[in-house]
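Engineer: Could you have a look at this structure, given as structure tokens, before my questions?
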Amino acid sequence: MTKIEIPLSKKKMFLALLGSLIFALLGMAFILNPEKFVSYIFRNAELIRISGIAAIIFSTLCILYISIKLFDKKPGLTIDQKGITDNSNYNKVGLIEWNEIIGIRTEQVMSTKFLLIDVRNPEKFIKNASTIKALLMKANMKMYNTPLSVSSTALKYSFENLENLIETEFEKYKEKPNS
């Protein structure tokens, strides 16, 4: 099999960066003038100010990560005879070998679809992750019974094509030992 490399979508990442900047500006407005945002639902100006701080922290982390990814030359996803290497999101784990994968399923949260990769030994991936990644993976484990997921959100590829490609390659290589 030839190696299949799917690039990161600079356009999608730029739009995410723009969205993060808007979210940061909204957070700044919440901090500087919380009284203006007091409503029937949010009656407490201090709660609005705290929400603004949280928005700025979250959006700053997103801006930093997306800015780094915009200049990342590595493919977003690589699929070959060894397995799947995901470089498309923060929760990347490196190579997921075909013989470690026991199943692939689709999940959707709001409008975002993603593939869940069920593996023989999920703790291996969690153990090898940094502290923050391990926390995110444990949350995935609680919700979906697997720490690993792949999405086309940051890829120059549609979800439907990604789903078909990964399922086809999994069927082709799941019984073969990795070389």
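Each value in this text was obtained by applying a stated rule to the coordinates, not by laboratory testing. Because the structure is a prediction, the values reported are computed rather than measured. All Cβ positions, glycine included, derive from the backbone under ideal geometry; neighbour counts span all protein chains shown.
Engineer: Under the Kirkwood approximation applied to all pairs of distinct alpha-carbon atoms, what is the hydrodynamic radius of the stretch 28-94 in Å?
Structural biologist: Taking every pair of different Cα atoms in the stretch 28-94, averaging 1/r and inverting gives 14.8 Å.
Engineer: Another question, if that's okay. Over the chain, with a single point scatterer placed on each C-alpha, what log10 of the ratio I(q)/I(0) does the Debye formula yield at q = 0.11 1/Å?
Structural biologist: -0.57
Engineer: Turning to a different aspect of this structure: Which whole DSSP H helices in the chain pass both tests: a Cα extent of 15 Å or more along the axis and a mean Kyte-Doolittle value no lower than 0.5? Show your work: numbers first, answer last.
Structural biologist: Values: long enough: 10-32 (33 Å, 1.73); 45-70 (36 Å, 1.74); 131-144 (19 Å, 0.30); 159-173 (21 Å, -0.85).
Within the chain the helices that satisfy the rule are 10-32, 45-70.
Engineer: For F170, F42, what ranking results if the residue with the fewest other Cβ atoms within 10 Å of its Cβ goes first?
Structural biologist: Least to most surrounded, the residues fall as F42, F170.
Engineer: Here's a follow-up. Placing unit charges on C-beta atoms (Lys and Arg positive, Asp and Glu negative, everything else neutral), compute the dipole magnitude of the chain about its Cα centre in debye, rounded to 20.
Structural biologist: Numbers: 24 positive and 17 negative charges, 85 e Å.
Dipole about the Cα centre, nearest 20: 400 debye.
Engineer: Could you tally the net charge around N121, taking each other residue with its Cβ under 14 Å from the Cβ of N121, Lys/Arg +1 and Asp/Glu -1?
Structural biologist: After counting each charged neighbour, the total is -1.
Engineer: Taking the dipole about the Cα centre of the stretch 77-173, with the C-beta of Lys and Arg at +1 and of Asp and Glu at -1, give me whichever of I117, F159, N128 is farthest to the positive side.
Structural biologist: Final value for the positive-end residue is N128.
Engineer: Choose one answer from T153, T106, T78: the residue with the largest mean-square fluctuation in a GNM of the chain with alpha-carbon springs under 10 Å.
Structural biologist: Of T153, T106, T78, the most mobile in the Gaussian network model is T106.
Engineer: Among S67, S9, rank each residue by its count of other Cβ atoms within 10 Å, from fewest to most, as a rough exposure measure.
Structural biologist: Ascending Cβ contact count within 10 Å gives the list S67, S9.
Engineer: Using the Kirkwood radius over C-alpha pairs as Rh, can you work out the diffusion coefficient of the stretch 77-173 via Stokes-Einstein at 20 °C, viscosity 1.002 mPa s, in µm² per second? Could you put the intermediate results ahead of the total?
Structural biologist: Working: Rh = 13.5 Å.
Translational diffusion coefficient: 159 µm²/s.
Engineer: Using Cα centres only, tell me the gap between the stretch 135-159 and the stretch 1-36 in whole Å.
Structural biologist: 18
Engineer: State to the nearest 20 debye the size of the charge dipole of the stretch 8-70 about its Cα centre, where the only charges are +1 on K and R beta carbons and -1 on D and E beta carbons.
Structural biologist: Roughly 340 debye for the stretch 8-70.
Engineer: With +1 assigned to the C-beta of every Lys and Arg and -1 to the C-beta of every Asp and Glu, and no other charges, what is the dipole magnitude of the stretch 77-173 about the Cα centre in debye, to the nearest 20?
Structural biologist: About 440 debye.
Engineer: Further question: Helix-only mean residue ellipticity at 222 nm, the chain, DSSP H runs n ≥ 4 weighted -39,500 (n - 2.57), per residue, nearest 500. What is it?
Structural biologist: -15500 deg cm²/dmol
Engineer: No solvent, one uniform scatterer per C-alpha: report log10 I(q)/I(0) for the stretch 13-64 via the Debye equation at q = 0.14, 0.31 1/Å, two decimals.
Structural biologist: The Cα Debye sum returns log10 ratios of -0.35, -1.05.
Engineer: Then there is this: Mind checking which of S158, S111, S130 has the largest fluctuation in a GNM of the chain, springs on alpha carbons under 10 Å?
Structural biologist: Among S158, S111, S130, the largest GNM mean-square fluctuation belongs to S111.
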